[in-house]
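Here's the structure, in structure tokens; my notes come after.
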Amino acid sequence: MTVTKQTAQVTALAGGTVVTPKGFQAAGVHAGLHHSKKDIGVIVCDVPASAAAVYTQSHFQAAPLKVTQASLAVEQKLRAVIVNSSCANACTGEQGLRDAYEMRDLCAKQFGFAPHYVAVASTGVIGEHLPMEKIRAGIEKLAPGATIADAEAFQTAILTTDTVMKHACYETKVDGKTVIVGGAAKGSGMIHPNMATMLAFITTDANISSPVLQAALRSITDVSFNQITVDGDTSTNDMVVVMASGLAGNDELTPDHPDWENFYEALRKTCEDLAKQIAKDGEGATKLIEVRVHGAKTDDEAKKIAKQIVGSNLVKTAVYGADANWGRIIGAIGYADADVDPANVDVAIGPIVMLKGSEPQPFSEEEAVAYLQNDMIVIDVDLHLGDGFGIAWGCDLTYDYVKINASYRT
């Protein structure tokens, strides 16, 4: 497998997918929920996998999330996750909950294991009931495999307004054994997680218990998926699920394991990679924006400010228009829930310093406009208050965002 880039102990794998870790297969089929593309997908594990999940903080958690939580409450293990697009099965009452449980049961029957080994996820229009006749027929057609084509079928089946498939894969060494983490995600609009609709499915062959995996996922979510925003809206269906088959053969991982940092970094990089792909593919977006805040009192305050800046519609529209209006960045910092010394703030857009110690700096508008034409824009802020650092990702706000969401149901 081709190596694309490498850090100290973690390597990104080109062509790696959710089926690259040992023990996993995937599939995606067209069941007619969407007029043309694949719309039901599944990931299946050969063995009961240690599992962990995080969910939307919306008060209106969709029925599939409740079913997934019920499944994990039994053993904290999964054999499969079944996903449909085109219908969120959210705000659908008791019928929606029955339909989500039926999806779980149908998947379990199809592959021959207990229903509590199945997680359920849905994405699409809120407030519509699942067309269960099509769901039943679609699940019967699922035939998972471990090829790149099988993984891509799954990746396609989970998309809604996304313009590209999103996947990532990293490997590392634990006890001298190769451990792989693979992931697939979808998300383009309603992206302002605390945990949007954003769905991510991560597989690994690491040997790790569910409680330890859960703690790692929560920690990593706070610096990856929770640090992206497209439009400030949080969905009813957000969910990240991780499954660990244990088939790499390493000794069980805990934070005390000598190779813990290798595994943690592989999982973190997978999540961050997927999160950035979601931000870059924001509805109508043309540019990825990365905001890095240095010198805050704490990391948490730095993360808040970074996300405040990248989520500002005025900042997003300025980036779209290639307008080096650093005042909009200051405006966003000003209403963030964090300590700021207004007399000592630095702001740079790319390599161009625009504010130093809260004093405007001369800069070339032509150079700034040229930089803002790039498809990735980096904004650096230094607050000079401490050692806190935070990073967040988002995208520009374009005319096409309005067009896409004005006609989402049609």
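For the reader, a short list of remarks on this structure follows.
- Of all the criteria given as (1) surrounded by fewer than 19 Cβ atoms within 10 Å (Cβ to Cβ); (2) closer than 25 Å to Asp222 by Cβ, the one not satisfied by Gly112 is (2).
- Positions within the range 29-43 being part of a strand (DSSP E or B) and either within 18 Å of Cys169 (Cβ to Cβ) or of a type in the set (Asp, Glu) (or both), in sequence order: Gly41, Ile43
- Where a residue in the range 293-319 is farther than 11 Å from Asp339 by Cα and its partner, wherever it lies, is of a type in the set (S, T, N, Q) and open to solvent by 30 Å² or more (accessible area, probe 1.4 Å), with Cβ under 7 Å and at least six apart: Ala318/Asn325
- Test: Lys77 is open to solvent by 50 Å² or more (accessible area, probe 1.4 Å) and under 20 Å from Val242 (Cβ atoms): yes
- Options Ala275, Ala244; residue that is in contact with an Asp or Glu (Cβ under 8 Å, 6 or more places away or on another chain), of a type outside the set (Ser, Thr, Tyr) and closer than 28 Å to Val67 by Cα: Ala244
- Restricting attention to the range 123-149, the residues being out of contact with any helix residue (DSSP H, G or I) (no Cβ under 8 Å at 6 or more places or on another chain) and surrounded by 22 or more Cβ atoms within 10 Å (Cβ to Cβ) number 3.
- Lone unmet requirement of (1) farther than 19 Å from Ala200 by Cβ; (2) aliphatic (A, V, I, L, M); (3) out of contact with any helix residue (DSSP H, G or I) (no Cβ under 8 Å at 6 or more places or on another chain) for Val74: (3)
- Only residues that are buried (at least 24 other Cβ atoms within 10 Å of the Cβ) and either among the small types (Gly, Ala, Ser) or out of contact with any strand residue (DSSP E or B) (no Cβ under 7 Å at 6 or more places or on another chain) (or both) were counted in the range 286-311, giving 3.
- Scanning the range 85-105 for residues that are closer than 25 Å to Thr161 by Cα, among the polar types (S, T, N, Q) and surrounded by fewer than 24 Cβ atoms within 10 Å (Cβ to Cβ) yields Ser86, Thr92.
- Once the range 25-48 is narrowed to residues that are closer than 14 Å to Lys186 by Cβ and of a type in the set (D, E, K, R), the residue that is most open to solvent (accessible area, probe 1.4 Å) is Lys38.
- Restricted to strands (runs of 3 or more DSSP E) entirely inside the range 336-399, no element has at least 1 residues that are of a type in the set (Lys, Arg), farther than 19 Å from Leu314 by Cα and open to solvent by less than 10 Å² (accessible area, probe 1.4 Å).
- The set of residues in the range 239-270 being crowded, with 24+ Cβ neighbours inside 10 Å and in a helix (DSSP H, G or I) consists of Phe263, Ala266, Leu267, Thr270.
- Unmet requirement for Ser71, which otherwise passes all of (1) over 19 Å from Cys169 (Cβ atoms); (2) open to solvent by 10 Å² or more (accessible area, probe 1.4 Å); (3) over 20 Å from the mean Cα position of the chain (by Cα): (2)
The values are calculated or read from the model by the stated rules, or taken from the named source; none is laboratory data. Nothing here was measured: the structure is a model prediction, and the numbers come from that model. Glycine gets a Cβ as well: all are built from the backbone with ideal geometry, and neighbour counts include every protein chain shown. Note: accessible area is taken over every heavy atom of the protein model, side chains too, but ligands, DNA and RNA are not part of it. Shrake-Rupley method; radii C 1.70, N 1.55, O 1.52, S 1.80 Å.
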